[in-house]
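Encoded as structure tokens, the structure appears first; notes follow it.
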Amino acid sequence: MIEDHEKIARQCSELVNLSRESNTQSAFASRKLIELAVTVADHLGVEDEVIDRTVVAMEARCSADTIAMMEEDLDILRSDWKAFIGHWLPTISPDDWAAFGIQAESMLDRLSLQVKLETELLYDHALQDGVVRTGGLVLH
């Protein structure tokens, strides 16, 4: 799961950097966005099956209010992600490049923050269970 988070964060960063280049990169950005969408979909499919985020957050000693807010934020992010993907795929038009760049930077920043939060929670949980040792985690 943590490796998935690192991959998603890396793909987000690459796509944001790409969106800052000229509109001649729109076709390449479309392919990169499709790759990111597939990575996120695959990750969510596994994550939803094997991770109970509420339990992980509780074990990380988050308050009930914090857990509820985290779940609400995640639901909003998922909805916004679906709308973003639905708007910009399958092809980002060079004519819409500037708008894509603005929206991509905002959305991908939010997605990166979410995977960073989840990585921290999973790492804390794995550390408590003795699955990993301290040191070695790199957050993007």
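Numbers below:
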{"read-out": "Residues being touching a helix residue (DSSP H, G or I) at 6+ places or on another chain (Cβ under 6 Å), at pLDDT below 85 and open to solvent by 50 Å² or more (accessible area, probe 1.4 Å) - total across segment 90-131", "value": "0"}
{"read-out": "The one condition in (1) basic (Lys, Arg); (2) modelled with pLDDT of 95 or more; (3) farther than 20 Å from VAL16 by Cβ that ARG61 fails to fulfil", "value": "(2)"}
{"read-out": "The one condition in (1) in contact with a His (Cβ under 9 Å, 6 or more places away or on another chain); (2) open to solvent by 50 Å² or more (accessible area, probe 1.4 Å); (3) at pLDDT below 90 that GLU49 fails to fulfil", "value": "(1)"}
{"read-out": "Considering residues of segment 17-37 that are among the small types (Gly, Ala, Ser) and more than 14 Å from ALA98 (Cβ to Cβ) only, the residue farthest from the chain's Cα centre (by Cα)", "value": "ALA27"}
{"read-out": "Filter result (in a helix (DSSP H, G or I), open to solvent by 30 Å² or more (accessible area, probe 1.4 Å) and over 13 Å from VAL40 (Cα atoms)) within segment 80-89", "value": "ASP80, ALA83, GLY86, HIS87"}
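The values are calculated or read from the model by the stated rules, or taken from the named source; none is laboratory data. Worth saying up front: this structure is predicted, and the values here are computed from it rather than measured. In this analysis, Cβ positions are derived from the backbone assuming ideal geometry, glycine residues included, and neighbour counts consider all displayed protein chains. Note: accessible area is taken over every heavy atom of the protein model, side chains too, but ligands, DNA and RNA are not part of it. Shrake-Rupley method; radii C 1.70, N 1.55, O 1.52, S 1.80 Å.
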